[in-house]
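Derivation of every value follows stated rules applied to the coordinates shown; laboratory data play no part. On a predicted model such as this, the values are computed, not experimentally measured, just so you know. Cβ sites come from the backbone with ideal geometry, for glycine too, and all protein chains shown count toward neighbours.
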């Protein structure tokens, strides 16, 4: 409420367009044979793939079975994002809420960004993927940045609040970051040690107050290591955290994190977890930016691993909602900000234990409803516009030709 090893080439056996798609965890999509015409079944599969948000499907060229584990992880992570936003106004009156808030902010966006990086491994700046990056990330950014601006003008009685595509407001920073991260994916694939390099960039950003607010570059750079980490992860890494031993170990780790957060809540500036300011802008010495960047990265990676350990591997009632998490993320921002503009938290009973539980459950229910298929269909015009008029007609053919040449 933050975001790579080409295998040795082997002989390719010809496949028909009806061949079974690769499993979800495959790093490269299969290229269809171009000489055979597409059947109705093939066109339907392509339409289903087009309907998956770019941030969710990883820019794959062919439809593939969805992995329930990752859909479950995306849904649970976005629920935690909504809960974190709901807990924010409660921190001043409840140390428990503050501890939950700090713990949540340590890993919920890093987890979401790691998944985004993992499903960006196949991004290669081909025409088809660039087109989906524009329609699935850049256009929604412009749309929601303008929509949020008009909402703020109306709800906050601020008619002069300007529209600025260079200064992301509230949640839209993630779309800017995802756009930049994806464009740089080919670079991270060729460098020798991508994660240490990305971490060094984040460290330098944390001590550079002159970066400014344009495109929220502080967040783009400080959250970058998590995206790059997702790029270099392999299926076997996720298998490690799915083991029973990992699930058992995750419980005491989360308990220790909550205890530390309870101790740190009145002593620590929570703005460190937003990663939108340098150390100097937070009133801390420059050296502390480097220390906090390394410390928070380590803590976040540990808690992200623990979070993945608890994510169900089988299909659940909420698994299908994993495909709509970007819808829930952007749409719930109107309610989250509206609750502040309209002073909903001035109700005293919300600051009691029962009220805090009610706020938590309401946030979970809201974000769940916003991830459902009916909401996706209603707002697909803004989140996944086709925009065929904006691109050359042969863009898809060029993309397929590039895929065939790579094979």
Note to self: C-alpha centroids of the stretch 317-363 and the stretch 92-111 sit apart, in Å, by 15
Compute the relative contact order of the stretch 125-275 as a whole-number percentage, counting only Cα pairs closer than 8 Å that sit 6 or more residues apart in sequence.
20
So for the stretch 53-406, averaging the separation of alpha carbon pairs under 8 Å that are six or more residues apart and normalising by length, what relative contact order in percent results?
31
Rounded to the nearest 0.05, what FRET efficiency do residue 166 and residue 190 give with R0 = 35 Å and r taken as the Cβ-Cβ distance? Could you check?
0.75
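Quick check on the exposure proxy: order 387, 296, 109, 268 from fewest to most C-beta atoms within 10 angstrom.
Details: 387 11, 296 19, 109 27, 268 15.
Sorted ascending by nearby Cβ count, the order is 387, 268, 296, 109.
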Please work out the C-alpha center-to-center distance from the stretch 167-221 to the stretch 246-281 and express it in whole Å.
22
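May I ask you to derive the relative contact order of the stretch 226-306, considering only C-alpha pairs under 8 Å and at least 6 residues apart, and to give it as an integer percent? Can you show the working numbers first?
Numbers: 26 pairs, mean separation 29.5, N = 81.
About 36 percent, as a whole number.
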When you count, for each residue, the other Cβ atoms within 10 Å and take the mean per peptide, how do 319-325, 361-367, 309-315, 275-281 rank with the highest first?
319-325, 275-281, 361-367, 309-315
